[in-house]
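Only one structure is covered here, and it is reproduced in the block below.
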Amino acid sequence: MSANRTCWNCGQSIDGSLFCPHCKSLQRPPSDYFTLLGLDRKLKLNTADLQQRFYELSRQLHPDRFMRKPEAEREYSLDASSILNDAYRALKDPVKRAQYVLSQEGFEIGEQRSKDVPPELLEEVFELNMALEEMRSGDDSARPQLESAKNNFTNMLAEADHQLETQFANYDESPNRETLTKIRGTLNRRKYIQNLLDEVLQ
Amino acid sequence: MNIDFGTTEKVIGIDLGTTNSLAAFLDLTGPKIIPGADGDKLVPSVVSINPTGEVVVGNAARELLITQPDRTVYSVKRLMGRGLDDIQEELKLFPFRIAPGSESVLQLQLGPLPDGRGSETHLRRLTEPRPSGSGPATYTPPEISAFILRQLKQNAEAYFGEPVSKAVITVPAYFNDAQRQATKDAGRIAGLEVLRLVNEPTAASLAYGLDKRENGTIAVYDLGGGTFDISILKLHDGIFEVLATNGDTHLGGDDIDNLLLRIALEDVQSEWGDDLSADSEGIQRLRRAVIQAKERLSFVPFTDISLEYRGKKYQREIQRDLFDKLIAPIVDRTLGPCRDCIKDAGVTPEQIDEVVMVGGSTRIPLVRTAVENLFRSKPHTELNPDEVVALGAAVQAAILSGDVQDKLLLDVTPLSLGIETMGGVVSKLIHRNSTIPASASESFTTGVDGQRNVLIHVVQGERELVKDNRSLARFDLKDIDPMPAGMARIEVRFLIDANGILNVTARDLRTGKEHSVDVKPSYGLTDEQVEKMIQESFEKAEQDFQDRQVREARVEADTILAAVEKARRHDAYFELSDEERAAIDRAINELLLVYHSDDHHLILNKNEQLNQVTMKLAENMMNTAVRGALKGTKI
């Protein structure tokens, strides 16, 4: 992402700001979520602060505010507010936030990865499938087993979230690919557990 | 509310409803409805087109629904942006016909069938000029809606005494891309620059002034004539943030009317032995009777459905209990979307501070009870449910013109947007309830060596398979440089703008240049067709203006001719010289010769000439009158 150096309108230096300090016109917005929201590139963030920034920037950037402005500014406003909305949606959710940073750092985060069963879950999954099979064939005796599976998975999900939090803190302290790889592992595991839980709830 | 009226040109807010349409604007005291020439605030969304092509809109057209049902269109909103397959249910009860060739854009055919009953049906290709004369004409739903919008525009212009060319138009929150585009097209055809499409429930929340409570969560339940919406919003210091929306664009008061109508038709059939369903005038009279009964039942515990038609009488008492039982399934159909919306918004019913009722159908007591039970709080009904959407549109119009600066709407897209992938499966790019504007980018490449174009099929909906979703459009990336398979890299950006309408741009990642995209909408008009219609409507407006001038010139001629005719029997006429009398005769003959021409200048010219040569006659008559008056006066 390259910050603009001079204002498209008056040609004066803008020093990477969204609005030209001289003629006040809106500039081409940065496509990076953290940059647009004026946030440090951290995985842990204060969601109340994020929301405040989102509302404030919405007031400044929304197309409603640019109806009587030149076409260039109207387009920048449409671009800027779509990136802002996309950014808020991604960053307010820890999982999506981590996925965004991973993809920015060149990690593949395809859906199919979640289909590989994490080894430590193999036995669990096998038993669950048996129980589900029995339920589907009309045998209700597996119900207590499903109930315990539900609790089990809910706990595992909370565990994964906790793990993510620690890994986020590690990354923020010293950003490196090793931590990101671990985070991706946790995300995949989490996704897998989530899928299992959804299956049980159905 | 901080209002700063610095601008000159007024932007109006329009509620283009299924049953009624309204225009409103914001002044220093708040939003106001603009009344029509007849003083009515509501313009019935009914359009009647005479064989001569003359268009009648509103109350007058509603009367014509009875006398010329085959030329009169109502509830056209239900047909906007829809295909032939979508509206089969509607067609059973609508009196007008759909012309062949309506698969992607419906063509309403008005007037009686030509001889040969259908075999020789004239079908106008959209790019051809509309046939003149009295043959059956076809109109697309956006063109019919444009007639309604033009009426509202004229009402506003008469009210302000100045031209109005900019508007905000409301649409059901659950309208898909094609329905929104069709509404925007209608605005353009009517000569309006549509600054924004606003979702009806969101507009209503603006009108309710609920921002007086600084923060909170509100639900808007909007059951209109033909559509149902539910939206849940979070208020935050003047920002109206929609958390989730849901609905059904085919659910409303019309469904209740149709239900009652079916019952009444069966009654009539068994009592009279007549099948009224083939008699369009009879149907429309009966429809009106059931609608009136429905409306009365909101205020009284029982009423009559009664019809007198062709010397026969039908009367049936209906109790509210029975009515409630009949409509319960329809009211129930609104509750599913409400529950889904609450879930998507991530709130519980207890967390919703206020519920606002919008749309004429929320006058029905059963609807109010159902909403109260679901949200466990008494809904707001203070504002007129027919007017609240238009009032909100006026507030949004003022936001856009910069007159109101302390409010901002952040709306969402109601349906997920995706593209077709291998095996007819949808890959979702933008999820429902995403705040708009929203965007997503996707890279495309070629699958075969030398492939020159890539076709992208975009759909809207929540289902996994393409066939279960709504096809939106096919985008063709053309003129790709021939190269080995998989080498081309084209990044396509899908952007849903603040109107909820999709915009697609493409960039060649190797060259960094914009790549052209050809759009083929699945349902709806192409840009070229809309341009053509704008041109036609422009010409029509000119023609209308010319016709009016000619008519006015003839009226003036009638007045002069009548006056001269009377004067010729007057004494003063005989005081004129022979030449003077001959000049008058000549002028009369010349006026009569041009009287039926289409040139108003010519008629006015001859009017003036006759005026000139009769000047002396008029003076003589005045003098005679004065003399006569003096004679009768005793001094």
Discussion item. Need the C-alpha centroid separation for the stretch B:15-36 versus the stretch B:243-288, integer Å.
Written reply: 29 Å
Worksheet item: So which residues in the stretch B:483-497 end up with at least 30 square angstrom less accessible surface once the other protein chains are there, compared with the chain by itself, probe 1.4 angstrom?
Response: B:Arg493, B:Leu495
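Between beta-carbons, use under 9 Å as the cut-off and find the net charge around B:Phe444, counting Lys and Arg +1, Asp and Glu -1.
Values: positive: B:Arg489; negative: B:Glu442, B:Glu491.
Net charge in that neighbourhood comes out at -1.
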Worksheet item: Mind checking the angle between helix A:177-201 and chain A's longest principal axis? C-alpha axes, 0 to 90 degrees, to the nearest 10.
Response: 60 degrees
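With Cβ to Cβ distances under 9 Å as the rule, what net charge do the other residues near B:Thr217 carry (K, R +1; D, E -1)? Don't skip to the end; give the middle numbers.
On the way: positive: B:Lys234; negative: B:Asp353, B:Glu354.
Taking every other residue near B:Thr217 into account, the sum is -1.
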Discussion item. With every atom except the alpha carbons ignored, what do you get for Rg and Dmax of chain A, in angstroms?
Written reply: 22.8, 76
Practice prompt. Subtract the Cα-Cα distance of B:Ala567 and B:Leu465 from 0.36 nm times their separation in residues, and report this length gain in nm to one decimal.
Written response: 28.4 nm
Discussion item. Which residues among the stretch B:34-49 fall inside the zone where the amide N is under 15 Å from a point 7 Å beyond the Cα of B:Phe160, along Cα→Cβ?
Written reply: B:34-35
Discussion item. Show me, bin by bin at 10 Å from 0, the whole-percent P(r) of the stretch B:151-205 based on Cα pairs.
Written reply: 24, 47, 26, 3
Worksheet item: By a straight-distance test (C-alpha under 25 Å), which lysines pair with B:Lys513 as possible cross-link partners, with residues fewer than eight away in the same chain excluded?
Response: B:Lys478
Worksheet entry | Spin-label model distance (nm) - B:Asn59 vs B:Thr29, 7 Å beyond Cα toward Cβ | 2.2 nm
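Dividing the alpha-carbon Rg of the stretch B:324-379 by 2.2 N^0.38 Å yields what? All intermediate terms of the calculation are to be shown ahead of the outcome.
Numbers: Rg = 11.4 Å, N = 56, 2.2 N^0.38 = 10.2 Å.
Relative to the rule-of-thumb radius for its length, the stretch B:324-379 sits at 1.12.
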Worksheet item: Once the Cβ-Cβ distance between A:Lys96 and B:Asp324 is put in as r, and R0 is 45 Å, what FRET efficiency do you end up with, to the nearest 0.05?
Response: 0.50
Item to complete: Please work out whether the stretch B:188-249 counts as rounded, prolate or oblate from its C-alpha gyration tensor, where a ≥ b ≥ c are the square roots of the eigenvalues and a/c under 1.5 means rounded, while otherwise a/b larger than b/c means prolate and anything else oblate?
Response: oblate
Fill in: Value of D in µm² per second that Stokes-Einstein yields for the protein assembly as shown, Kirkwood Rh from Cα pairs, at 25 °C (0.890 mPa s)
78 µm²/s
Worksheet item: Does the stretch B:498-572 come out rounded, prolate or oblate, given a ≥ b ≥ c as the square roots of the eigenvalues of its C-alpha gyration tensor, rounded meaning a/c under 1.5 and, failing that, prolate meaning a/b above b/c?
Response: prolate
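How long are the semi-axes of the equivalent ellipsoid of the stretch A:119-201, taking √(5λ) for every eigenvalue λ of the Cα gyration tensor, in whole Å from largest down?
Values: eigenvalues 215, 24, 13 Å².
Semi-axes, largest first: 33, 11, 8 Å.
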Worksheet item: So which lysines can B:Lys313 reach, going by Cα to Cα under 20 Å and dropping same-chain residues fewer than 8 places off?
Response: B:Lys294
Worksheet entry | Given charges at beta-carbon only (K, R positive; D, E negative), |dipole| of chain B in Debye | 540 debye
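Could you tell me the calculated FRET efficiency between B:Gln612 and B:Thr67, based on Cβ-Cβ distance and R0 = 51 angstrom, to the nearest 0.05?
On the way: r = 46 Å, r/R0 = 0.89.
Calculated value: 0.65.
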Item to complete: For the stretch B:498-635, report the convex hull volume of the alpha-carbon atoms normalised per residue, in Å³, without decimals.
Response: 258 Å³
Worksheet entry | Positive-end residue of A:Leu91, A:Thr35, A:Gln52, charge dipole of the stretch A:1-92 with Cβ unit charges | A:Gln52
Item to complete: Check each residue of the stretch B:380-404 and keep those whose accessible area, probe 1.4 Å, is at least 30 Å² smaller with all protein chains in place than in the chain alone; give them in order of residue number.
Response: B:Leu400
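Counting only other chains, and only Cβ atoms inside 10 Å, what mean value do you get across the residues of A:58-67? Don't jump to the answer; show the numbers that get you there.
Values: counts 7, 7, 0, 1, 7, 8, 13, 5, 2, 8.
For peptide A:58-67, the averaged partner shielding equals 6.
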Worksheet item: When Cβ neighbours within 10 Å are restricted to other protein chains, what is their mean count per residue of peptide A:75-83?
Response: 4
Worksheet item: In whole angstrom, how long is each semi-axis of the equivalent ellipsoid of the stretch A:1-92, when you take the square root of 5 times every eigenvalue of its Cα gyration tensor and sort them from largest down?
Response: 23, 15, 10
Discussion item. Taking the Cα centre as origin and putting +1 on Lys and Arg beta-carbons and -1 on Asp and Glu beta-carbons, what dipole magnitude results for chain A, to the nearest 20 debye?
Written reply: 1260 debye
Discussion item. Taking 51 Å as R0, compute the FRET efficiency from the Cβ-Cβ separation of A:His162 and B:Lys378 and round it to 0.05.
Written reply: 0.75
Worksheet item: For the pair A:Ser141 and B:Asn215, how long in nm is the line joining their label points, each one 7 Å along Cα→Cβ?
Response: 5.5 nm
Fill in: Residue-normalised accessible area of the protein assembly as shown, expressed per residue, 1.4 Å probe, Å²
48 Å²
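Roughly speaking, what is the stretch gain from B:Asp275 to B:Val555, that is 0.36 nm per residue apart minus the C-alpha to C-alpha distance, in nm to one decimal?
On the way: separation 280, 0.36 × 280 = 100.80 nm, distance 4.70 nm.
Result for the pair: 96.1 nm of gain on full extension.
Where Lys and Arg each count +1 and Asp and Glu each count -1, what net charge lies around B:Ala498 among other residues with Cβ under 10 Å from its Cβ? Before the final figure, lay out each step's value.
Values: positive: B:Arg196; negative: A:Asp64, B:Asp411, B:Asp497.
Summing Lys/Arg as +1 and Asp/Glu as -1 gives -2.
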Worksheet item: Rounded to the nearest 100 Å², what is the sum over both chains of accessible area buried where A meets B, with a probe of 1.4 Å?
Response: 2100 Å²
Worksheet item: Karplus couplings for the stretch B:342-354 from phi (6.51 cos²θ - 1.76 cosθ + 1.60, θ = phi - 60°), rounded to Hz, Gly and Pro as x?
Response: 4, 5, 5, 6, x, 10, 10, x, 5, 7, 8, 6, 9
Worksheet item: What are the residues whose amide H is under 5 Å from the amide H of B:His515, where those residues sit 5 or more places off or on another chain and H is modelled from the backbone?
Response: B:Ala506, B:Arg507, B:Asp508
Worksheet item: What residue among A:Ser141, B:Val550, B:Leu235 has its Cα farthest toward the positive end of the dipole of the protein assembly as shown, where the charges are +1 on Lys, Arg and -1 on Asp, Glu, each on the Cβ?
Response: B:Val550
Item to complete: Any chance you could look up the accessible area of B:Phe475 with a 1.4 Å probe, heavy atoms only, rounded to 10 Å²?
Response: 10 Å²
Item to complete: Indicate the gyration tensor shape class of chain B (rounded, prolate or oblate), computed on the Cα atoms with a ≥ b ≥ c the square roots of the eigenvalues: a/c under 1.5 is rounded; otherwise a/b larger than b/c is prolate and the rest oblate.
Response: prolate
Worksheet item: Where in the stretch B:412-444 is the amide nitrogen less than 17 Å from a point lying 7 Å along the Cα-to-Cβ axis of B:Gln351?
Response: B:433-435
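What is the percent carbon and sulfur in the accessible area of the protein assembly as shown, measuring with a 1.4 Å probe over the protein chains and ignoring ligands? Before the final figure, lay out the partial values.
On the way: 19540 of 39920 Å².
Answer for the protein assembly as shown is 49 percent, counting heavy atoms of protein chains only.
Dipole magnitude of the stretch B:183-285 about its Cα centre, charges +1 at Lys/Arg Cβ and -1 at Asp/Glu Cβ only, in debye to the nearest 20?
Details: 8 positive and 20 negative charges, 155 e Å.
Taking the Cα centre of the stretch B:183-285 as origin, the dipole is about 740 debye.
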Worksheet item: Across 5 Å bins from the origin, how do the percents of Cα pairs in the stretch B:1-87 run, short distances first?
Response: 3, 13, 17, 17, 16, 13, 8, 7, 4, 2, 0
Worksheet item: Taking the Cα-to-Cβ direction at B:Asn503 and at A:Cys23 and moving 7 Å from each Cα, how far apart do the two end points lie in nm?
Response: 2.1 nm
Worksheet item: Relative to the first principal axis of the alpha-carbon coordinates of chain A, what is the inclination of helix A:47-61, with its axis defined by its Cα atoms, in degrees from 0 to 90 and to the nearest 10?
Response: 40 degrees
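For peptide B:436-443, compute the average count of partner chain beta-carbon atoms within 10 Å of each residue's beta-carbon.
Details: counts 4, 13, 6, 7, 2, 2, 0, 0.
That average works out to 4.
Sort B:Met615, B:Met357, B:Met622, A:Met67 from largest to smallest accessible area, using a 1.4 Å probe on the heavy atoms of the protein chains. Intermediate values should be presented prior to the final figure.
Numbers: B:Met615 95, B:Met357 0, B:Met622 125, A:Met67 45 Å².
The ranking, largest first, comes out as B:Met622, B:Met615, A:Met67, B:Met357.
The values are calculated or read from the model by the stated rules, or taken from the named source; none is laboratory data. Just so you know, these numbers come straight off a predicted model, no measurement behind them. Cβ atoms come from the backbone with ideal geometry, glycine included; neighbour counts cover every protein chain shown. Quick note on the areas: whole protein, heavy atoms, side chains included, nothing else; ligands and nucleic acids left out. Shrake-Rupley method; radii C 1.70, N 1.55, O 1.52, S 1.80 Å.
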